[in-house]
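Reading through the structure tokens given below for one structure.
Read-outs: derived from the displayed coordinates by stated rules, not from any lab. Just so we're clear, the structure is a prediction, and the values are computed from it rather than from any experiment. FYI the Cβ positions are ideal-geometry reconstructions off the backbone, even for glycines, and counts take in every protein chain you see.
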Amino acid sequence: MRILVVGAGGFIGRHIAIEAARAGHEVVACGRDTAQLRFMFPGWKITHCDFARDGLEDWRQRLQGVQAVVNAAGVFQGDKANSLETVHVTGPRALFEACAELRIQKLIQISALGADDKAKSEFHLTKRKADALCLTLAESHQLLGWTVVRPSLMIGMGGQSTALFAALGALPRPPRLAAGRWELQPLHVSDLAYGVVILLGREGPSPRELDFAGPKPMTTDQLTHTLRRWLRLPPAGVFTAPEWLLRCASALGGHFFGALSRQSLDMLARGNTACVTPLKGTLHWLPRPLSEAMAADPSTQADLWHARLYFFKPALRTGLALLWIATAIISGFVYPLEKSMAMVAGLGVSESHASALVYGGAALDALLGSALLANIRPALVGVLQIIAMLVFTVLATMAVPQSWSDPLGPLLKNLAVLLATLTMIALEARR
């Protein structure tokens, strides 16, 4: 069977695509970043799509020769170009309509547990709207193989939730979220992929909606400590992080971590559990307990590093940004101008040029620091900061060579800042 996987470059989509190919199906990987897809799936058929732009005719062409479609495209936090409404509703509508028109017999819409009549978050509400569109078309065109799959919290390497809970588990004392009363039913992403492939291969009608969840509920405490054990860290005590504190932290944390936003906390507080009896009855199979699934994919030293650097990454970027901004303020407004000009005079420049160098340097520091604080291409900004720091160090050495022997080490400290900036660039670089 030829299967078109939309969102094949994403966390869920790539696992479904790989599992379907392993089962002997011909998979067409579909997504916005075709260069990334070719890198991920060498030798596969790759096709481009863009939910923000594609219409019915675009999908008619892509669906030629396709027997099944999996829509695994989704975002937890949208942006101007690809809002939640665009990615979850507007774009899929054209895909679903084309599939119905061409009578594609098998379609799996990957939704989310919680996208029901009690949904409150924008993520769940937009997923619910897409699910309704999908099911309405399935009924009106009598397409019996269309199913809305609602997975619970997804765990697996590369997942945002996995990264957050592993980082919490790697702390010396993992936090107990809201007294540990929130319940989840986490599902390993490889089990979701396996179940979806079984569903695609079933003969006869498929259930219109199917919840996918782990075999048993667990608290957030249990999830955190399961990932701590996966990282091969010894048991540790906990400290309770009350819900009001988590709410306050999410106002800032959501800016740095999508999995630590107010929306994600609302979803955790609501609960994320489901009855697995329909899943077992449909597929004659149940996902593995999370600890068993994680044990089948052992952690490495790199996973432990990632967990321990999770909170350090934005802290390092923010600290460096504040350092540059503070340096700009001190250079331009706090430190006596005549002293700064006296040091610059060692370069043999005129008084007006010395003043321009002092204020120009402060302005550059402020600009680079502000860009880093706003998280605007931080890796590139880090490179520019290193260049500026090296130029400053050379000029300072020429103007005031005795600075190298200053007991406060104003130039020697640049070596530490250089190493910190290189570390930040390594952490922030996407490729």
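Couple of notes before you dig in:
- Exposure proxy ranking for 310, 335, based on other Cβ atoms within 10 angstrom of each Cβ and starting from the fewest, stands as 335, 310.
- Couplings 3J(HN,Hα) for region 377-388, derived from phi with the Karplus relation 6.51 cos²θ - 1.76 cosθ + 1.60 (θ = phi - 60°), are 6, x, 5, 5, 4, x, 4, 5, 5, 5, 4, 4 Hz, where x marks Gly and Pro.
- Annotation: amide H-H contacts under 5 Å for residue 107 (H modelled 1.01 Å from N, sequence separation of 5 or more, or interchain): 69, 146, 147.
- The residues packed around residue 91, meaning those with a beta-carbon under 11 Å from its beta-carbon, carry a net charge of -1 if Lys and Arg are +1 and Asp and Glu are -1.
- For region 1-151, with +1 on Lys and Arg beta carbons and -1 on Asp and Glu, the positive-most of 46, 148, 92 along the dipole: 46
- Cα gyration tensor, the chain - rounded (a/c under 1.5), prolate or oblate: prolate
- Cα gyration tensor shape of region 31-96, rounded if a/c is under 1.5, else prolate or oblate by comparing a/b with b/c: oblate
- When the charge dipole of the chain is built from unit charges on Cβ atoms (+1 for Lys and Arg, -1 for Asp and Glu) and taken about the Cα centre, the candidate among 412, 34, 227 whose Cα reaches farthest toward its positive end is 227.
- The gain in end-to-end length when the residue 285 to residue 302 segment is fully stretched comes to 2.8 nm, 0.36 nm per residue minus the alpha carbon separation.
- Per-residue Karplus couplings for region 402-416, computed as 6.51 cos²θ - 1.76 cosθ + 1.60 with θ equal to phi - 60°, are listed in order as 5, 4, 5, 9, 5, x, 7, x, x, 8, 4, 5, 4, 5, 5 Hz, Gly and Pro entered as x.
- Per-residue ³J(HN,Hα) for region 364-372, Karplus 6.51 cos²θ - 1.76 cosθ + 1.60, θ = phi - 60°, Hz, x for Gly and Pro: 5, 4, 5, 5, 5, x, 5, 4, 5
- Check: region 109-156 dipole with +1 on Lys, Arg Cβ and -1 on Asp, Glu Cβ, in debye: 140 debye
- The charge dipole of the chain, taken about the Cα centre with unit charges on the Cβ atoms of Lys, Arg (+1) and Asp, Glu (-1), comes to about 680 debye, rounded to the nearest 20.
- Value of relative contact order over the chain, rounded to a whole percent, pairs C-alpha under 8 Å and six or more apart: 12 percent
- FRET efficiency for the pair residue 243 and residue 395, taken as 1/(1 + (r/R0)^6) with r the Cβ-Cβ distance and R0 = 30 Å, rounds to 0.05.
- One decimal place: the segment residue 236-residue 347 gains 34.2 nm when fully extended, by the rule 0.36 nm per residue minus the C-alpha distance.
- With respect to the chain, whose longest principal axis is taken over its alpha-carbon atoms, helix 160-170 is tilted by about 60°.
- With an a/c value of 1.5 or above and a/b larger than b/c for the gyration tensor axes a ≥ b ≥ c computed over the alpha-carbon atoms, region 314-428 is described as prolate.
- Between region 335-362 and region 366-388, the Cα center-to-center distance that results, in Å: 24 Å
- Against the main long axis of the alpha-carbon atoms of the chain, helix 312-329 sits at an angle near 30°.
- Net length gained if the chain between residue 132 and residue 48 were fully extended (0.36 nm per residue, minus Cα distance): 27.7 nm
- Taking amide H as placed 1.01 Å from N in the peptide plane, the amide H of residue 218 sits under 5 Å from that of 184, 185, each at least 5 places away or on another chain.
- With a simple spin-label model that places each label point 7 Å from the Cα along the Cα-to-Cβ direction, the separation between residue 388 and residue 375 comes to 2.1 nm.
- Principal-axis tilt of helix 122-140 within the chain, Cα atoms, nearest 10 degrees: 30 degrees
- Report summary: the helix-based calculation at 222 nm, which adds -39500 (n - 2.57) for every DSSP H run with n ≥ 4 and divides by the residues of the chain, gives -16000 deg cm²/dmol.
- Estimated from the Cβ-Cβ distance and a Förster radius of 45 angstrom, the FRET efficiency linking residue 270 and residue 57 is about 0.70.
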